[in-house]
Every structure is written in structure tokens, then in C-alpha cells.
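Take a look at the structure below.
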Amino acid sequence: MGICLGMQILFDFSDESPAKKGLGFIKGSCKQIPKNSFFPVPHMGWNSLVFPNSSQLFLGSNSYDMNYSYSELDYYFVHSYYASPENSSIISAFFEHPSGLLCASIIDQNIIAFQFHPEKSGKAGYKLLDKAFEYLEHL
Amino acid sequence: MKKRVIPSLLLNSGTQLCLSQKFKPWRSVGSLMQNLRMHVNREADELLIINLDYSTCIPFAIPLRLLQVVRNECDIPVSYCGGIRSASDAAFCINEGVDKVYVTSVFIDNQDSIKSFVDLLGSQSIGVSLPYVRCPSLNAYFVWDYRSKTSTGLPLQKAIQKAVSAGAGELLLHNVDLDGSMQGMDLELLDELACDISVPILMAGGAGSQHDISIALSKKILSGVVVGSMFALTENTPTTVRAHCLSQGLPMRIV
């Protein structure tokens, strides 16, 4: 399980350190969050997630559109770069950005990763970690 | 993005906490451990620990035990400031479990110095805390140096630009004259600040009621408020403040 930088390091490379290689467990790279006057970067503080309705980590409530739902609770983010996997079907949660949904979490077989900090998100975070461990136990 | 309500804990002599007025230690309010537990239980959005012991010119020995207490007690985000002089001081604090560090004096002494902090740790872990005063005769704001207790002559707006271009990930604007007054936050400054500052802005100084906070947070530019005296001296908690702000239509975290 990877959290924050621990998620980003699973990818092939990151624009934050162009000459360095990542672990390459997940195909894709990390990019800087596009700056926008409605979205201060670093992305810092509490934000809701947007789950695909099929996500194994689904803890949604209000619907975002037909295939996605907002999370019931908020999670703590602190980052300037986001991971962008080549295979978008492994994304288990997104966060909202004026340019569209960006990746906040992935599940790929026995790898789970979070861009935000479930361990710093109080009850909401523990609930999500329980869900993640439940998934891993049933592999 | 949700707006944040951040209690501040002012450390004075070891693990004792105090309140301040106009940047002077004022009244003692118990121990660090007790207050950390209280704020974690009350579900604060984040905590800011300001260590006055280390904010003088005395060479800094990083209080390892203190950081360990914080790490053991908190499952919410914590920022630390006080006495961080170098990128390696900052890295030490981050490695010991705090999420962000704030610097003031290194920035006042050399506005480019935080570039090395950002190179090592990334913008998201480095904040700059800017105490400021308003000079009524010039109708301008200046950064204030807590060591000499005088204005530095550096205009606040210029300091903000400098900090952002050096890579600071968050700015805390702290009104010295309103500090501990509980008489309302500096709305005038919030109206004057350019709206295109690209990083999150926090404000401290003057919060005395739920209303003070909801009015300040209704300004688009503000991402959060830092609150000291009000949480120690009134019945308000982060939860009651968030509930009030929600009722005013502001985006707040629901717990």
C-alpha cells in the first residue's frame, strides 16, 4: 500500500524529478496539478473524493453523474503532483479539479495507493483503510 | 475544497501552552498533551504548533521528544513552526511526523533562502508565516519582525510575491495588532489582496466569534483561519464553528 509520495513512487517517472526512475509497478507518470485561479496548488486541505460506482473502495453518497458518486466524507490532501496511470480503469477514486477529475487512488491487483492521507483523515480515513484491508484479505 | 478551521497551540517553556496578545505571551492554558488530545477529539481540521522557546536567536536544538508526543497523539494534520533555520531542520521535523513546517525568520533574513527548503521537501511541506502590521499613515502593510518587535519595512504584498515565487506552498498572514484581541479578523487586508495568489492563504489574529470566522472565510482568497484565544476562552469548538459556517453556505468539512 502506498500513500502520497508512496503512491507516486509506484509509477514509472514523475515530472517533479525528471531524471529519476520510479519503481515502475504501475504504468504511467506523475504530473503537476494544473494551476487555476479556482484551485490553489499545492492542493492542501480537506476535499471530497469522487468514486466510480464500480470502485472496490466505494464509500459514496450523492451522485456526481450516472457512473460516479461523491464521497460521503472528506479526506486530507497535501500535494502538488498527481499520478496519471496509463490504464485509467485501475483508478478507484478521483478528486475534482476545474479541468476534470484527477486520480486520487488506484487499485491494481495486490497494490492499493492513495494520493491523500487516510491516516490523517480521522474517522473517514479509518473507514477507508478498513475497506482497503478487507479488499486485500479477499484477494 | 473545504475551508479549514485550525487551532493554534503556542508552546512556551517546554510543553506548556500559552495564549498571546500582540505577539507577547500572555496567559497560560495548560499542557501540550492535554490540548492535543482535546483538539483531536474535537475533530479540528488541522493543528498549528508554534514553539516560542525556539523562535529566539539562540541556536536551535530540535525538540525530538516534543515531535514524538505530537506524532503519538495526533491522527490529524499538524504543522510546526519555531526555530527552523535550515532545510535539514525542516526535513528533520517532517521525518519526525509533522506534515508541514512554517518559517518566518529565515524568510525575513533572506527571501530566497526557502528555495533550498522547497528543493529538498517540495512546496507542499513548506509554509511561510508572515506577521504583519498596518501602518495607518501610509495606509500600507509591512512584515513585522518578532525578534526586534519592529516593522521590517518589507511591504506585505511584496513579501507574498517573493514567498510564492520562492516556492512556498502556503502562506499564513498574522495580524500582530489583532493577535489575541478576539475583536474580528483583518477583513480589509483580505479585500485588498490580489485574487490571483496561486497558493492557499491562511489568516490568524482577531477571531473571537463564529461570525468573525464565517465572514473571513466567505472571502474567496482565504483557505482557512488559525484560531488561538477563542478556542481557549469561549465555548466554541471547531465543530460549532464549522456548523455555523455551513449554515452560512460555506464549504466546510462534514464530520
Check: For the residues B:Val78, B:Val5, B:Val101, what sequence is obtained by ranking on other C-beta atoms within 10 Å, fewest first?
Finding: B:Val101, B:Val78, B:Val5
Checklist line | Ascending count of other beta-carbon atoms within 10 Å, so fewest first, for B:Thr239, B:Thr15, B:Thr104 | finding: B:Thr239, B:Thr15, B:Thr104
Check: From the cross-link list A:Lys131/B:Lys100; A:Lys35/B:Lys219; A:Lys27/A:Lys123; A:Lys35/B:Lys162; B:Lys22/B:Lys219, which pairs have alpha carbons spaced over 26 Å apart?
Finding: A:Lys131/B:Lys100; A:Lys27/A:Lys123
Next item on the list: Pop the C-beta distance of A:Tyr135 and B:Asn72 into the FRET formula with R0 = 25 Å and round what comes out to the nearest 0.05.
Entry: 0.30
Check: Which length gain, in nm to one decimal place, applies between B:Lys149 and B:Asn95 when the Cα-Cα distance is subtracted from 0.36 nm times their residue separation?
Finding: 16.2 nm
Margin query: Checking the cross-link filter: which lysines have an alpha carbon closer than 16 Å to that of A:Lys21, excluding same-chain neighbours under 8 positions apart?
Written below: A:Lys31
Item checked: Environment charge of A:Tyr81, counting only residues whose C-beta is closer than 9 Å and scoring Lys/Arg +1, Asp/Glu -1 -> -1
Margin query: Quick query: amide H of B:Leu130 versus all other amide H atoms, modeled in the peptide plane; which residues come in under 5 Å with a sequence gap of 5 or more or a different chain?
Written below: B:Leu172, B:Leu173, B:His174
Next item on the list: Specify whether the C-alpha gyration tensor of region A:10-139 places it in the rounded, prolate or oblate class, a ≥ b ≥ c being the square roots of the eigenvalues: rounded for a/c under 1.5, otherwise prolate if a/b is larger than b/c and oblate if not.
Entry: oblate
Notebook entry, point to check: Which value, in debye to the nearest 20, describes the size of the charge dipole of region A:2-137 about its Cα centre when Lys and Arg Cβ atoms bear +1, Asp and Glu Cβ atoms bear -1, and nothing else is charged?
Noted result: 300 debye
Note to self: Given axes a ≥ b ≥ c from the Cα gyration tensor, I'd like to know whether region B:4-247 is rounded (a/c under 1.5), prolate (a/b larger than b/c) or oblate.
What the structure shows: rounded
Next item on the list: Give the order of A:Ser17, B:Ser181 when sorted by the count of other beta carbons within 10 angstrom, beginning with the fewest.
Entry: A:Ser17, B:Ser181
Next item on the list: Evaluate peptide A:80-89: per residue, the Cβ atoms of other protein chains within 10 Å of its Cβ; return the mean as an integer.
Entry: 1
Checklist line | Cβ neighbours within 10 Å from other chains - mean over B:108-119 | finding: 0
Note to self: Is the C-alpha gyration tensor of region A:63-139 telling us rounded, prolate or oblate? Criteria: a/c under 1.5 is rounded; beyond that, a/b larger than b/c is prolate, otherwise oblate.
What the structure shows: rounded
Notebook entry, point to check: Mind listing P(r) for the protein assembly as shown? All alpha-carbon pairs, 10 Å bins, whole percents.
Noted result: 5, 23, 34, 25, 11, 2, 0
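Read-outs throughout are calculated quantities, based only on the coordinates presented, and are distinct from any laboratory measurement. From a predicted model like this one, the values you see are computed outputs, not experimental measurements. Glycine gets a Cβ as well: all are built from the backbone with ideal geometry, and neighbour counts include every protein chain shown.
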